[in-house]
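Structure, as structure tokens:
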Amino acid sequence: MMGPLLIGLYVFVLSVFVGFEVINKVPATLHTPLMSGANAISGITIVGALYTAKTAEVSVSNVLGAVAIALAMINVVGGFWVTDRMLKMFGRRG
């Protein structure tokens, strides 16, 4: 007798623990490709959030979609900024 909200909460908590364990075991040299993959996933999040917040009425799904768009955009812009900064570190100097 679990509702969809409780199942979603279980999946969220489990994904947090699995993600934390996976990220802790990745060597430092693979952080940049991993960050690029996270940026791609955030792009998918933006598309899903835009689909969720497609109407003009104020509802819970529209508010959550707007929050998801804002957080995913912060992740995408920050990820590209950090990736660009790291690529400049490996480029030619002068």
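Which one is most open to solvent (accessible area, probe 1.4 Å) among residues in segment 36-46 that are of a type in the set (Val, Ile, Thr) and touching a residue at least 12 places away in the same chain (Cβ under 8 Å)? Even if it seems obvious, please write down each step before you answer.
Step one: filter segment 36-46 for residues of a type in the set (Val, Ile, Thr), giving 41, 44-46.
This time we only want the ones that are touching a residue at least 12 places away in the same chain (Cβ under 8 Å), so: 45-46.
Numbers: Thr45: 63, Ile46: 27 Å².
Looking at residues that are of a type in the set (Val, Ile, Thr) and touching a residue at least 12 places away in the same chain (Cβ under 8 Å), I get Thr45.
Just the residues that are surrounded by 14 or more Cβ atoms within 10 Å (Cβ to Cβ) and of a type in the set (Val, Ile, Thr), please, taken from segment 47-84.
Thr52, Ile69, Val76, Val82, Thr83
Within the chain, which helices (runs of 4 or more DSSP H) (wholly inside it) include 2 or more residues that are out of contact with any helix residue (DSSP H, G or I) (no Cβ under 6 Å at 6 or more places or on another chain) and modelled with pLDDT under 80?
Fully inside the chain and qualifying: 31-52, 60-90.
The values are calculated or read from the model by the stated rules, or taken from the named source; none is laboratory data. In this text, all values refer to a predicted model and were calculated from it rather than measured experimentally. Backbone-built Cβ (ideal geometry, glycine too); neighbour counts: all protein chains shown. Surface accessibility is based on the protein's heavy atoms, side chains included, excluding ligands, DNA and RNA. Shrake-Rupley method; radii C 1.70, N 1.55, O 1.52, S 1.80 Å.
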